[in-house]
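For reference, the structure discussed in these notes is given below.
Throughout, read-outs are computed from the coordinates displayed, never taken from laboratory work. Just so it is clear, the structure is predicted and the values come from calculations on it, not from any experiment. Every residue, glycine as well, gets a Cβ built from its backbone with ideal geometry; the counts of neighbours run over all protein chains shown.
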Amino acid sequence: MNKNDITAIKALLSTPKNIVIVCHKNPDGDAIGSTLGLYHYLKQYHHKAQVITPNDYPKFLKWVPAEDSILKHDTQTEASDKAIEAADIIFTLDFNAFHRTGQMQSVLETSTATKILIDHHQEPDNYATFTYSDVTMSSTCEMIYHFIAMLEDTDKIDSNIATCLYLGIMTDTGSFRFKSTTSTTHRIVAELIEKGAQNASIHNNVYDTNSYNRLQLLGCALTNLRVLPELRTAYITLTQNELRQFDYKKGDTEGVVNYALSLDNIIFAAIFIEDKQEGIIKISLRSKGNFSVNEFSRSHFNGGGHNNAAGGRSETALDTTIEKFLSILPQYKDALNHV
Ligand code: 5GP
Ligand code: MN
């Protein structure tokens, strides 16, 4: 995003507009934080703003300021489509390609609104009028901070905006411990606390509201953990039956893959979760160092993401998916042992 883009966006936002803000399917903390952070900012300029998510999100995100104003496209399709069709501007946040929005893809593609992409995933599609893409960024929330700074408007950051942006930076950096966390990230986070983000209660809302069943499901996942020391890889499986046994709720498996990655000497971790409803195996991949799970997922599992965190899917059964995974791995033996 260059100076001309910023000047043009400033001009665009100088009069009240109909603005829609969207994120990817199965929104996480960064998706909800960035969309609502931007929402609170735009509201200060009396724009008509509406956040639309493709579908619902976990309970541990249902406290964020103005979260109850969000439209969910899968259950509120008519109202969502109407808002998208009436939009002058659509901000697309925390994703790189329209297919990441699931069923929203077609209505977004046909919309003639000015599109502004802000995202930190690799290889963004070229659909937007204004693209602010930076794969080195910890989170889209950190980019929203920079975006507001480029508009010379950090004075406008109030406690609502600060709370939202803190949330997404916290969740996407694994609480400020991943490599993408820079000194700038910490400076921004410090400023957000000064502007009213209640850091301890945000952590509590996201991480310390577990149900007993969720912890039992984690126990089950850890029991299913398999380790391949010679390939420095560990993986976890969860069947639909296991999810049912522990009364699975959206978000219950979030972060579970990180336990596999926390093993000494392991640099590649995966979790395979059976989703009979969608007829797929949902895959989450994580790595340390140079081993790119983005490339691995793009090449073999129909997904992508970042170098050290990516998602993917498989349309075959869980056991055949694992067989495929195990058969592919040996070709990466050198890469996995030279990180
Ligand atoms: P997760 O494993 O938590 O679902 O995803 C890890 C990261 O990869 C997140 O930043 C997520 O947005 C991204 N991601 C997940 N699935 C896909 C996918 O199919 N394509 C792309 N490009 N990114 C994905
Ligand atoms: Mn993100």
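Kindly flag which residue pairs out of Lys62/Lys276; Lys72/Lys115; Lys62/Lys82; Lys62/Lys156; Lys43/Lys249 have an alpha-carbon separation exceeding 29 Å in this structure.
Values: Lys62/Lys276 26 Å; Lys72/Lys115 20 Å; Lys62/Lys82 24 Å; Lys62/Lys156 24 Å; Lys43/Lys249 32 Å.
Lys43/Lys249, as the Cα separations exceed 29 Å there.
Each other residue within a Cβ distance under 14 Å of Ser299 adds +1 if Lys or Arg and -1 if Asp or Glu, for a net charge of +1.
What length, rounded to one decimal in nm, is gained on full extension from Ala200 through to Asp264, with 0.36 nm per residue of separation minus their alpha-carbon distance?
Numbers: separation 64, 0.36 × 64 = 23.04 nm, distance 2.93 nm.
So the chain would gain 20.1 nm between Ala200 and Asp264.
A Stokes-Einstein calculation at 20 °C with viscosity 1.002 mPa s, built on the Kirkwood radius of the range 212-336 over Cα pairs, returns a diffusion coefficient of 148 µm²/s.
To the nearest 10 degrees, how steep is helix 77-86 against the longest Cα principal axis of the chain, on a 0 to 90 scale? So the inclination is approximately 40 degrees. The Cα center of the range 194-224 and the Cα center of the range 43-120 differ in position by 26 Å.
Restriction of the trypsin sites (Lys or Arg not before Pro) in the range 170-279 to DSSP coil positions whose beta-carbon has at most 13 other beta-carbons within 10 angstrom yields Arg177, Lys179, Lys276. Based on C-alpha pairs under 8 angstrom that are at least 6 apart in sequence, the chain has a relative contact order of 13 percent. In the chain, one over the average inverse separation of all distinct C-alpha pairs is 20.7 Å, which is the Kirkwood hydrodynamic radius. Counting only DSSP H runs of at least 4 residues, each contributing -39500 (n - 2.57), and dividing by the residue count of the chain, the helix-based mean residue ellipticity at 222 nm comes to -11500 deg cm²/dmol. Scoring 7-20, 112-125, 158-171 by mean Cβ neighbours within 10 Å over their residues and listing the highest first yields 158-171, 112-125, 7-20.
Across the range 287-304, coupling constants 3J(HN,Hα) worked out from phi with the 6.51/-1.76/1.60 Karplus curve, θ = phi - 60°, read 8, 10, x, 8, 5, 8, 6, 4, 5, 4, 5, 4, 6, 10, 9, 6, x, x Hz, and Gly and Pro carry x. Annotation: the antiparallel percentage among DSSP beta bridges lying fully within the chain is about 40.
Expressed as an acute angle from 0 to 90° and rounded to the nearest 10, what is the orientation of the C-alpha long axis of helix 29-43 relative to the principal long axis of the chain? Long axis of 29-43 versus the principal axis of the chain: about 0 degrees.
Cα convex hull of the range 8-71: mean projected area in nm², to one decimal?
Working: hull surface 17.2 nm².
Over every viewing direction, the Cα hull of the range 8-71 projects on average to 4.3 nm².
Here the 3J(HN,Hα) profile of the range 209-220, calculated from phi with Karplus coefficients 6.51, -1.76 and 1.60 at θ = phi - 60°, is 10, 5, 8, 4, 4, 5, 5, 5, 5, 4, x, 4 Hz, Gly and Pro shown as x. Using only Cα atoms and rounding to the nearest 10 degrees, what angle (0 to 90) does helix 159-172 make with the longest principal axis of the chain? With rounding to tens, the tilt is 20 degrees.
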